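K.L.:
Handing you this structure, nothing more for now.
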Amino acid sequence: MSFAKLLFFKCLFFIGESIELEFGSLRFKVVQGDITKFSAEAIVNAANKYLEHGGGVAYAIAKAAVGDVREYIRISKEAMREQIGRDYIEHGEVVVTSAMKMEQYGIKYVIHTVGPYCGDRWDEDKKEKLKKAILGALRKADELKGKSIAFPAISAGIYGCPFEEVVKTFKKTVEEFSREAKSVKEVYLVLYSKDNYEQALKVLGVNLL
């Protein structure tokens with residue numbers, strides 16, 4: 001597995017097992033659980049380009065942040081106009097909002113990024129767009145001098161990108177980012193279901209037995 005070091009351990013701030021890969025001084029950890037309660041300085045929202053948070057992890061984060069999804073949409077759109085200067089974001093662009101009620105778990109920021117829509121089709125263009133979405137969030141966390149950042153499986157689920165390809169792209173992108181990272185030391189891929197977690201282990205070449 002190139003120069004990655006594989007370890008199993010119990011996460012101190014999280015119930016469940018985790019798999020860890022080391023890329024130099026940066027650790028990439030795949031865990032099972034709820035990203036809205038995960039103790040990382042920044043969590044990533046897999047948003048649509050208009051930050052409307054209508055379903056999936058975006059809806060869950062909006063509910064956890066303020067309780068009122070419409071209010072969180074308003075806050076997000078206002079931040080987008082201030083930070084981007086328009087009413088939508090492109091692949092690779094990000095918008096940052098505070099964690100609000102999720103601060104009780106140690107979360108400081110929500111970094112909103114948009115991945116590709118696949119509809120069960122995967123090609124190099126989709127892969128490049130996903131890479132941009134991941135890198136944009138990683139670089140913003142580094143700019144904010146964050147030590148840790150947690151991602152959902154961007155573009156899997158309702159966006160229809162093949163889960164295995166999403167995991168592979170995350171691993172490769174984090175490995176590439178490790179060569180430029182200054183502040184970020186821990187990157188998490190947080191998977192809600194046990195099935196997805198076990199599938200991710202297989203993608204990474206881990207034998208469950």
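The values are calculated or read from the model by the stated rules, or taken from the named source; none is laboratory data. Only a predicted model underlies this, so the values are computations on that prediction, with no experimental measurement involved. When we count neighbours, we look across all protein chains shown, and the Cβ atoms used for this are built from the backbone with ideal geometry, even at glycine.
K.L.:
Among the strands (runs of 3 or more DSSP E) lying completely within segment 1-93, list those that include at least 2 residues that are at pLDDT 95 or above and buried (at least 18 other Cβ atoms within 10 Å of the Cβ).
P.N.:
Working: elements: 6-10, 17-23, 26-32, 42-47.
By residue number, 26-32, 42-47.
K.L.:
Please verify whether Lys131 is closer than 23 Å to Gly157 by Cα and in a helix (DSSP H, G or I), treating the condition exactly as stated.
P.N.:
Working: closer than 23 Å to Gly157 by Cα: yes; in a helix (DSSP H, G or I): yes.
When the stated conditions are applied, Lys131 passes them.
K.L.:
Out of everything in segment 94-127 that is farther than 18 Å from Gly157 by Cα and in contact with a Lys or Arg (Cβ under 7 Å, 6 or more places away or on another chain), what residue ends up being surrounded by the fewest Cβ atoms within 10 Å (Cβ to Cβ)? Write out each step before concluding.
P.N.:
Here is the first cut: in segment 94-127, the residues farther than 18 Å from Gly157 by Cα are 94-111, 124-125.
Still in the running and in contact with a Lys or Arg (Cβ under 7 Å, 6 or more places away or on another chain): 94, 96, 99, 105, 111.
Details: Val94: 24, Val96: 19, Ala99: 20, Tyr105: 17, Ile111: 24.
Residue satisfying both the conditions and the ranking: Tyr105.
K.L.:
Could you please give the count of residues in segment 157-199 that are hydroxyl-bearing (Ser, Thr, Tyr) and in a loop (DSSP other than H, G, I, E, B)? Please lay out each step first, then the result.
P.N.:
Keep residues of segment 157-199 that are hydroxyl-bearing (Ser, Thr, Tyr), which gives 159, 169, 173, 178, 183, 188, 192-193, 197.
Add one more test, that the residue is in a loop (DSSP other than H, G, I, E, B), and what stays is 178, 183, 192-193.
Number of matching residues: 4.
K.L.:
Turning to a different aspect of this structure: Of the residues Tyr117, Tyr50, Tyr59, Tyr72, which is free of Cβ contacts under 8 Å to residues at least 40 places away in the same chain, closer than 21 Å to Asn196 by Cα and of a type outside the set (S, T, N, Q)? Step through it out loud before you land on a result.
P.N.:
Values: Tyr117 fails: free of Cβ contacts under 8 Å to residues at least 40 places away in the same chain; Tyr50 fails: closer than 21 Å to Asn196 by Cα; Tyr72 fails: closer than 21 Å to Asn196 by Cα.
None of the other options fit; the residue is Tyr59.
K.L.:
Given the structure, is Lys101 part of a helix (DSSP H, G or I) and either touching a His at 6+ places or on another chain (Cβ under 7 Å) or on the phi > 0 side of the Ramachandran plot (or both)?
P.N.:
Details: part of a helix (DSSP H, G or I): yes; either touching a His at 6+ places or on another chain (Cβ under 7 Å) or on the phi > 0 side of the Ramachandran plot (or both): no.
When the stated conditions are applied, Lys101 does not pass them.
K.L.:
Of all residues in segment 171-188, which are under 23 Å from Gln32 (Cα atoms) and without any contact (Cβ under 8 Å) to a residue 60 or more places away in the chain?
P.N.:
Lys172, Thr173
K.L.:
Hey, Lys202 hits all of (1) in contact (Cβ under 8 Å) with a residue 24 or more places away in the chain; (2) outside any loop (DSSP other than H, G, I, E, B) but one; which does it fall short on?
P.N.:
It fails just one condition, (1).
K.L.:
Moving to a separate point now. At pLDDT below 95 and over 17 Å from the mean Cα position of the chain (by Cα) - does that describe any residue in segment 94-103? Reasoning before the result, please.
P.N.:
Initial filter on segment 94-103 (at pLDDT below 95): none.
No, segment 94-103 contains no residue that is at pLDDT below 95 and over 17 Å from the mean Cα position of the chain (by Cα).
K.L.:
Still on this structure, I have one more. Being part of a helix (DSSP H, G or I) and crowded, with 22+ Cβ neighbours inside 10 Å is the filter here; which residues of segment 141-156 pass it? Reasoning before the result, please.
P.N.:
Step one: filter segment 141-156 for residues part of a helix (DSSP H, G or I), giving 141-143.
Passing the criteria: only Ala141.
K.L.:
Can you pull out every residue in segment 110-134 that is of a type outside the set (Asp, Glu) and farther than 21 Å from Asp87 by Cα? Don't jump to the end; show me each part of the working.
P.N.:
Taking segment 110-134 as the starting set, the residues that turn out to be of a type outside the set (Asp, Glu) are 110-119, 121-122, 126-127, 129-134.
Hits for segment 110-134 are Cys118, Gly119, Arg121, Trp122, Lys126, Lys127, Lys131.
K.L.:
Another question about this same structure. Restricting the first residue to segment 88-105 and requiring it to be free of Cβ contacts under 8 Å to residues at least 40 places away in the same chain, which pairs with a second residue that is surrounded by fewer than 20 Cβ atoms within 10 Å (Cβ to Cβ) and assigned to a loop (DSSP other than H, G, I, E, B) meet a Cβ separation below 8 Å and a spacing of at least six or different chains?
P.N.:
Tyr88/Lys49; Tyr88/Tyr50; Ser98/Lys108; Lys101/Gly67
K.L.:
So which pairs qualify, if the first residue must be in segment 131-154 and within 11 Å of Glu41 (Cβ to Cβ), the second must be among the charged types (D, E, K, R) and not in a loop (DSSP other than H, G, I, E, B), the Cβ gap must be under 8 Å, and the two must be at least 6 apart or on different chains?
P.N.:
Going by the 8 Å Cβ cut-off, the qualifying pairs are Lys147/Glu186; Ser148/Glu186; Ile149/Glu186.
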